[in-house]
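Read-outs throughout are calculated quantities, based only on the coordinates presented, and are distinct from any laboratory measurement. Note that this is a predicted model, so its numbers are computed, not measured. In this analysis, Cβ positions are derived from the backbone assuming ideal geometry, glycine residues included, and neighbour counts consider all displayed protein chains.
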There are 2 protein chains.
Amino acid sequence: MSDPNKIFSEKLRAIRKGKDFSQDKLAELTKIDRSYIGRIDRGEVNITLEMLFKIAVALECDPGEMLPSLKQILH
Amino acid sequence: MSDPNKIFSEKLRAIRKGKDFSQDKLAELTKIDRSYIGRIDRGEVNITLEMLFKIAVALECDPGEMLPSLKQILH
């Protein structure tokens with residue numbers, strides 16, 4: 001099995017950079033601690049759904065867009 | 001704003017029941033405590049992504065299928 005949390009952080013980074021969002025800007029908009037945003041970005045922490053929803057609102061994307069598919073998890 | 005966690009639990013329940021999965025069966029397959037599964041089912045707890053991935057694997061669905069869209073969150 002792959003590491004789904006790593007896939008999540010890769011997708012998050014791709015969306016964040018695609019929208020030209022710095023980690024600082026994301027931290028500011030989500031009111032999540034800046035260093036914690038860095039750890040999320042690197043896939044080092046296991047965040048909660050509520051935090052995922054905050055990030056989705058800030059990045060203006062569906063929460064599901066940041067998640068691996070079942071196939072990716074099982075691969 | 002709606003309660004995205006409630007939308008998540010409603011979607012989870014719909015998928016679980018649609019696949020004829022009892023809470024017991026879900027608890028057994030995910031190795032998540034049976035009473036905690038009940039609380040997740042009722043939207044009473046803020047689960048982590050890793051728990052979401054476990055549930056998705058057990059229910060054989062994409063994790064994103066259980067989540068609200070951005071539109072639903074902002075509604």
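Here is how the numbers come out for the structure above:
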{"read-out": "Dipole magnitude of the protein assembly as shown about its Cα centre (Cβ charges: Lys, Arg +1; Asp, Glu -1), debye to nearest 20", "value": "20"}
{"read-out": "For the A-to-B rotation axis, chain A residue with nearest beta carbon and its distance in angstrom", "value": "A:GLY64, 1"}
{"read-out": "Other-copy label distances relative to B:TYR36, 7 angstrom Cα-Cβ extension, nm", "value": "2.0"}
{"read-out": "Projected label distance in nm at A:HIS75 and A:LYS25, using a 7 Å step from Cα toward the beta-carbon", "value": "2.8"}
{"read-out": "Quarter of Cα convex hull surface for the protein assembly as shown, i.e. mean projection, nm²", "value": "8.4"}
{"read-out": "Whole-number D in µm²/s for the stretch A:4-59 (Stokes-Einstein; Kirkwood sum over Cα pairs; 25 °C, 0.890 mPa s)", "value": "224"}
{"read-out": "Exam field: B:GLN72 pseudo-label spacings to other copies (7 Å along Cα-Cβ), nanometres", "value": "1.9"}
{"read-out": "11 Å beta-carbon shell around B:GLY43, net charge (K/R +1, D/E -1)", "value": "+1"}
{"read-out": "Set of aspartates and glutamates with alpha-carbon distance to A:LYS31 below 13 Å, sequence-local pairs under 8 removed", "value": "A:GLU50"}
{"read-out": "Surrounding net charge for A:ALA27, when Lys and Arg each add one and Asp and Glu each subtract one, Cβ distance under 12 Å", "value": "+2"}
{"read-out": "Over chain A, relative contact order from alpha-carbon pairs under 8 Å, at least 6 apart, %", "value": "50"}
{"read-out": "Per-pair calculated FRET efficiency, R0 = 25 Å: B:LYS11 and A:GLU60 via Cβ, rounded to 0.05", "value": "0.75"}
